[in-house]
Amino acid sequence: MTTNRFKIYFPILYYFGEFLVILFTTQIMLAYTFTKWTFVNYLFIALWFLISIGFKSHVIGRDIKKLKLIRSSLKSLFFFSGLSSIFNLLFFGLQFYLSTIIIAATIFYFLILFYRLSIDTILEKYRATGGNILKCLIIGNNSHGSELYNEILKYPELGFRSEGVFSYNNKNRPNSVPYLGSFNDISEIDLIKYDRIFFSNKLSLKSQENIIKKADKLNIKVSYIPELAFYDLKNFFISKIATVPYVDIKSFPLDNIYNLAIKRLFDIIFSFFVIIFILSWMLPIFGLIIKLTSKGPVLFFQKREGYKGQVFNCIKFRSMVVNDISDSVMADDNDIRLTKFGKFMRLSTLDEMPQFINVFFGDMSIVGPRPHPLKLNNDYRNKVTSFDKRHRFKPGITGLAQSLGYSGFISSLKDMNDRVKLDVFYFKNWSIFFDLKIILSTVFILFRGVFSRA
C-alpha cells in the first residue's frame with residue numbers, strides 16, 4: 001500500500017519541485033533584466049515540461065547511475081535551449097545580450113542538475129532506510145540466485161530487499177546464502193506478500209513455466225536472471241540490479257509509474273467533471289424516478305473484484321426490484337427482476353454512471369476491464385487462460401471489449417474468453433490516446449443506446 005501511494009504522489013511532487021526551480025530561475029532573470037512576466041514565460045515553461053517528458057529525462061529509477069542522469073538531463077536542456085532560440089527568432093523576436101543568455105543558461109542548467117541529483121540522492125537514502133522498497137523472492141539454487149542476493153545486500157539504496165534464496169524443489173541447497181526452502185511449499189497467502197519474483201533461467205523450462213503461471217495468477221511482476229549475467233549488454237529488454245542483469249517478462253506500459261500517474265491524473269480530472277456537471281443533476285432526477293417506480297434504495301452496491309483481487313463496493317443505479325439473489329444469479333437484459341426504468345438504464349448503460357464516484361476515489365479507472373461480481377469470477381477463473389491478468393491494474397467503467405460491443409450478460413465460456421483476450425490486449429498496448437479512443441467509442445454506443453430506447 002505504501003509503495004502504491006509513493007507511485008501516485010512522487011511524480012506529482014517531483015514535477016511541482018521542478019516547476020518551482022523553473023519559476024525561481026525565471027524570476028531571477030526577470031529581476032536581472034528589469035522585465036515583466038508575460039505569456040511568453042508560460043509558453044517556455046510548458047515547452048520545458050513537454051521536452052522533459054518527451055526525452056524521459058525526468059525518470060529517476062532504482063539503478064539509473066548519476067552519470068546517466070546528468071547526460072539525459074543535459075540532452076533535454078540543450079534541446080530546450082535550441083528550440084527556445086528557434087521559436088524566439090520565428091515568433092517573438094526578443095533580444096538579449098550574449099552575457100545575459102549565458103548567465104540565464106548557466107543558472108537554469110545548474111539548478112535543474114542540482115535538483116535532480118538531490119532528488120536522486122534523497123531517494124537513495126530513503127530506500128536505504130527502508131522506504132519505497134520492493135520485497136523480492138529469489139528462486140535459484142545456483143550462482144544466479146546467490147549473486148543477486150549478495151548484490152541486493154550490497155546496494156540497499158536501490159530499494160530491493162530479500163531474506164534469502166528459495167530453490168524450486170528441495171534439491172541442491174545453497175551454502176553461501178540463507179536458504180528459505182522450496183518455492184513449491186510457499187502458499188499463495190505468503191506468496192502475494194512479495195512485490196517481485198526473480199528466477200534463474202538455469203531452472204528447467206517446466207519449472208520456469210510453473211513460476212510464471214503462479215506469478216501471473218497473483219499479479220506479481222516476474223523477471224528471470226539470464227545466463228548473460230556478467231555481460232554489459234545494452235539491449236532494451238535487460239534491466240540490472242547493480243551488476244546482475246535480469247529480463248522483464250511481459251512488461252506492460254502501465255508498469256511504468258509515470259504512465260500510471262498520467263492515467264490516474266486523467267481519471268481524477270475526468271471523473272470530477274462528470275460528477276460536477278452530470279451526476280449532480282442525474283442523481284436527483286434518476287433517484288426520484290427509481291423511487292416512484294419501485295421500492296428500495298436509489299443506489300445498488302455490489303462487491304466486485306478489482307486491482308490485484310481487492311474487493312470493493314461497485315456503485316450503480318438500482319435497476320432491479322430488491323431481491324436476495326443479485327449476487328448469485330447474473331441478470332440478462334430480459335430478467336424479470338428488472339423494473340421498466342431499470343431496463344432502460346441497463347440497455348443504455350446509464351446505470352453505470354455512479355461508478356465515476358468509484359473512479360474519483362481510486363477503486364476504478366475510466367478505462368479498464370469491467371469488474372465482475374465475485375461469483376462470476378470464481379466460475380471462470382480456472383476455465384479461462386490468463387483470467388487473473390485482467391486484475392493486474394484497476395478495473396474500468398468501460399473497456400476495449402465494451403467499446404467493441406461486448407457488454408452485459410456473459411452467455412458462454414467463449415464470450416468470457418474473448419473479453420479477457422481483449423482486456424490483456426488493452427494492457428499490452430495502453431496509451432492515453434488508446435484510452436481516449438475507447439471513451440469516444442463508448443460515448444457513441446451510449447448515445448445510440450439512449451436514443452434507440454427512448
Subset of region 393-430 [surrounded by fewer than 21 Cβ atoms within 10 Å (Cβ to Cβ) and either basic (Lys, Arg) or at positive phi (or both)]: Gly405, Gly408, Lys414, Lys421, Lys428
Are any residues in region 243-270 surrounded by 18 or more Cβ atoms within 10 Å (Cβ to Cβ), over 18 Å from Ser52 (Cα atoms), at pLDDT below 90 and not aromatic (Phe, Trp, Tyr), and if so, which ones? Val244, Pro245, Leu254
Out of all the residues in region 159-193, which are crowded, with 18+ Cβ neighbours inside 10 Å, aromatic (Phe, Trp, Tyr) and modelled with pLDDT of 85 or more? Phe160, Phe166, Phe183
Tally, over region 107-135, of residues that are within 27 Å of Phe198 (Cα to Cα), of a type in the set (A, V, I, L, M) and either in contact with a Leu (Cβ under 6 Å, 6 or more places away or on another chain) or in a helix (DSSP H, G or I) (or both): 3
Answer with yes or no whether Phe10 is part of a helix (DSSP H, G or I), surrounded by 14 or more Cβ atoms within 10 Å (Cβ to Cβ) and at pLDDT below 80. yes
Condition first: touching a Ser or Thr at 6+ places or on another chain (Cβ under 7 Å) and surrounded by fewer than 17 Cβ atoms within 10 Å (Cβ to Cβ). Now tell me which residues in region 112-127 satisfy that. Leu113
Among the residues of region 293-337, count how many are more than 18 Å from Met282 (Cβ to Cβ) and within 31 Å of the chain's Cα centre (by Cα). 14
Return the only residue of Ala104, Ala128 being modelled with pLDDT under 85 and closer than 24 Å to Leu69 by Cβ. Ala104
Would you mind telling me which numbered condition in (1) on the phi > 0 side of the Ramachandran plot; (2) crowded, with 21+ Cβ neighbours inside 10 Å Val367 fails? (1)
Going through region 149-163 one residue at a time, which ones are assigned to a helix (DSSP H, G or I) and of a type in the set (Asp, Glu)? Glu151, Glu157
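The values are calculated or read from the model by the stated rules, or taken from the named source; none is laboratory data. A quick note: this is a predicted structure, and the numbers were derived from the prediction, not measured. Positions of Cβ are generated from backbone atoms using ideal geometry, with glycine treated the same way; all protein chains shown enter the neighbour counts.
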